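What follows is a set of notes on a single structure, which appears directly below.
The values are calculated or read from the model by the stated rules, or taken from the named source; none is laboratory data. Since the structure is predicted, the reported quantities are computational estimates derived from the model, not experimental observations. Cβ atoms come from the backbone with ideal geometry, glycine included; neighbour counts cover every protein chain shown.
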Amino acid sequence: MKSNESRAYLYALTCVALWSTVATAFKLGLATMQPVQLLFGGALVSALFYAFHITLRKGWPEFKTLPVNHIKALLLLGLMNPFLYYLLLFEAYDRLPAQIAQPLNYTWAIVYSVLAVVFLKQKISRLGYIGMTVSYLGVVILVTRGQITDFSQFDASGLIFALASTVLWAGFWLLAVKLPYSADIKMGACFFVGTPLIGLVCFFTSGLPELSPGNLLYIGWVGIVEMGLTFLLWQKALSLTRHSARISQLIFLSPLISLFLIQNVLGEQVHVSSVTALILIIGGLLLSARTDKPEKLTARS
């Protein structure tokens, strides 16, 4: 059992390390590609990765037994993620500094709690409400650079896209956790549905991305690290541990490490308000954590 716990922490910390790099990878990729081009390349790599993994473990027969209602659910989920969610997220990263877009993305867990109240009739504790308030105070500080009444410092569309993406991601997991399938089946199905749609949008708008060595590196990193391997490693960590709440909280190391990379690799001068806001957002999320549900803290980039 102790060995399983050690492996669980190893898998989880590997995910934290990898996810810490994706905000930087997003911005580097978006410097040479349009958002939809980077997304199409990454989604295609991810779809191929899931297809390979499903083939490796001989999981394709599972698709033959899917009931019609589950097929419809997976079609909807594929429309939500990767199609709509990542279109919004990449547009947000294209318009905003990474130190702004990344912490905003972490507030999806708060949105999840609110949606769970509406659709699952779950209750939020008093501590949960306090946590939400603290997190969104952090959001206000983040987008105003501490000038609480001034919301004009950043691209308004970028802020809207970033916040809208949290609603889509929370809604995605709210629906996805109800389907009784392995992570690679669920995520694979979503990418098999969403990738062709992204490809069509890419072809008829920005055109297909240039396959330069740099672009291929960013596409591969986004497809494997952000959208593929890390999800499977995270699910493996949660399946091995008896303390999923503790494992889940390791996620919050990721944005802190990410800020270091944003400053030292991207060259963004991290503002003190960004650090303050991130601490408030993470603190609020920890206060709001009411259950030991691993899906709620599925890690974000």
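Annotations for the structure displayed:
- If the condition is being surrounded by 20 or more Cβ atoms within 10 Å (Cβ to Cβ) and either touching a Ser or Thr at 6+ places or on another chain (Cβ under 9 Å) or under 14 Å from ALA101 (Cα atoms) (or both), then the stretch 157-168 contributes GLY158, LEU159, PHE161, ALA162, SER165, THR166.
- Near pairs, Cβ below 6 angstrom, 6+ apart or cross-chain, from the stretch 4-33 (part of a helix (DSSP H, G or I)) to any residue that is of a type in the set (Asp, Glu) and modelled with pLDDT of 95 or more: LEU30/ASP94
- Within the option set PHE63, PHE40, being crowded, with 23+ Cβ neighbours inside 10 Å and of a type outside the set (Gly, Ala, Ser) holds for one residue only, PHE40.
- The listed residues are THR276, THR205, and the only one of them that is of a type in the set (S, T, N, Q), closer than 27 Å to MET132 by Cα and surrounded by fewer than 18 Cβ atoms within 10 Å (Cβ to Cβ) turns out to be THR276.
- Of all the numbered requirements in (1) under 16 Å from the mean Cα position of the chain (by Cα); (2) at pLDDT below 80, PRO255 misses one, and that requirement is (2).
So that you can scan it fast, the table gives a plain yes or no per residue for (1) in a helix (DSSP H, G or I); (2) at pLDDT 90 or above; (3) out of contact with any Gly (no Cβ under 7 Å at 6 or more places or on another chain); (4) small (Gly, Ala, Ser):
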site: CYS190; (1), (2), (3), (4): yes, yes, no, no
site: LEU197; (1), (2), (3), (4): yes, yes, yes, no
site: VAL222; (1), (2), (3), (4): yes, yes, no, no
site: ALA245; (1), (2), (3), (4): yes, no, yes, yes
site: GLU268; (1), (2), (3), (4): no, yes, yes, no
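- Selected residue [in contact (Cβ under 8 Å) with a residue 40 or more places away in the chain and either within 18 Å of ILE54 (Cα to Cα) or of a type in the set (D, E, K, R) (or both)] from ALA162, ALA170, ALA183: ALA183
- Test: residue in the stretch 276-283 that is of a type outside the set (A, V, I, L, M, F, W, C) and at pLDDT 90 or above: yes
- Subset of the stretch 22-67 that is β-branched (Val, Ile, Thr) and at pLDDT 95 or above - its residue that is farthest from PHE260 (Cα to Cα): THR55
- Taking the stretch 61-79 as the range and being closer than 25 Å to LEU200 by Cα and among the hydroxyl-bearing types (Ser, Thr, Tyr) as the test, no residue passes.
- The stretch 233-272, residues that are surrounded by 18 or more Cβ atoms within 10 Å (Cβ to Cβ) and of a type in the set (Ser, Thr, Tyr): THR241, SER244, SER248, SER254, SER258
- Hits in the stretch 116-142 (condition: buried (at least 17 other Cβ atoms within 10 Å of the Cβ) and within 20 Å of the chain's Cα centre (by Cα)): ALA116, MET132, SER135, GLY138, VAL139, LEU142
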